[in-house]
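Asker: Let me begin by handing over the structure; questions about it come next.
The values are calculated or read from the model by the stated rules, or taken from the named source; none is laboratory data. These numbers were taken from a predicted model, which means no experiment stands behind them. Every residue, glycine as well, gets a Cβ built from its backbone with ideal geometry; the counts of neighbours run over all protein chains shown.
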């Protein structure tokens, strides 16, 4: 009886040892796999972190370029705006000078010259002349008739007057042909050319 019991104990001990060994193997495998998973997870996490940092850095560079580009554009636009403001000041002063000129004794002869230029541009023998109210009064006092005789063209003053500084607008009687020879029109035509010259004078020292 005792020998049987010893034998059962021995078998049980062997089984326990085997179970223990198998358990240790399973545990080691599990730990190994856990370490591998953890390592892979860390590697993927690191890869993801590096990727996100690179992506963020690239976006940052793009945004920085956009900001620099917008800033440069805004500065350029502002610079052009300032130039245009200065150029407009010059033209405003030019108009002020013209206002003084039309009050001078020299202006009437220029008015006749402006009318003559317009007449020659159109090339008709019967024309209507539009001027402002002050110039109409002066021309109606025989001056337009004298110019008509000189040019060999029938010139008539329009009933209505123009709302412009000086000069004239000349039209055919049917209104199909006309030539605007007012101060405002002449200055407007010259403005693109004068703008370049004025800007060069005002900003010639700029880079």
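Asker: Test residue 145 against the stated conditions and say whether it is assigned to a helix (DSSP H, G or I), under 14 Å from residue 127 (Cβ atoms) and free of Cβ contacts under 8 Å to residues at least 40 places away in the same chain. Before you say what the answer is, go through the steps one by one.
Answerer: Values: assigned to a helix (DSSP H, G or I): yes; under 14 Å from residue 127 (Cβ atoms): yes; free of Cβ contacts under 8 Å to residues at least 40 places away in the same chain: yes.
For residue 145, the condition - assigned to a helix (DSSP H, G or I), under 14 Å from residue 127 (Cβ atoms) and free of Cβ contacts under 8 Å to residues at least 40 places away in the same chain - is met.
Asker: Scan segment 166-179 residue by residue and report those that are closer than 18 Å to residue 154 by Cα and either touching a helix residue (DSSP H, G or I) at 6+ places or on another chain (Cβ under 9 Å) or modelled with pLDDT of 95 or more (or both). Spell out how you get there, then give the answer.
Answerer: Going residue by residue through segment 166-179, those that are closer than 18 Å to residue 154 by Cα are 168-179.
If the condition is that a residue be closer than 18 Å to residue 154 by Cα and either touching a helix residue (DSSP H, G or I) at 6+ places or on another chain (Cβ under 9 Å) or modelled with pLDDT of 95 or more (or both), then 168, 169, 170, 171, 172, 177, 178, 179 are the ones that fit.
Asker: From the list 198, 102, 189, pick out the single residue that is closer than 30 Å to residue 86 by Cβ, surrounded by fewer than 12 Cβ atoms within 10 Å (Cβ to Cβ) and at pLDDT below 90.
Answerer: Values: 198 fails: surrounded by fewer than 12 Cβ atoms within 10 Å (Cβ to Cβ); 102 fails: surrounded by fewer than 12 Cβ atoms within 10 Å (Cβ to Cβ).
On inspection, the qualifying residue turns out to be 189.
Asker: Still on this model: If you go through segment 96-138, how many residues are assigned to a helix (DSSP H, G or I) and touching a helix residue (DSSP H, G or I) at 6+ places or on another chain (Cβ under 7 Å)?
Answerer: First, the residues of segment 96-138 that are assigned to a helix (DSSP H, G or I): 96-101, 107-122, 133-138.
Next cut, touching a helix residue (DSSP H, G or I) at 6+ places or on another chain (Cβ under 7 Å) only: 98, 101, 107-108, 111-112, 115-116, 119, 135, 138.
Summing the residues that are assigned to a helix (DSSP H, G or I) and touching a helix residue (DSSP H, G or I) at 6+ places or on another chain (Cβ under 7 Å) in segment 96-138 gives 11.
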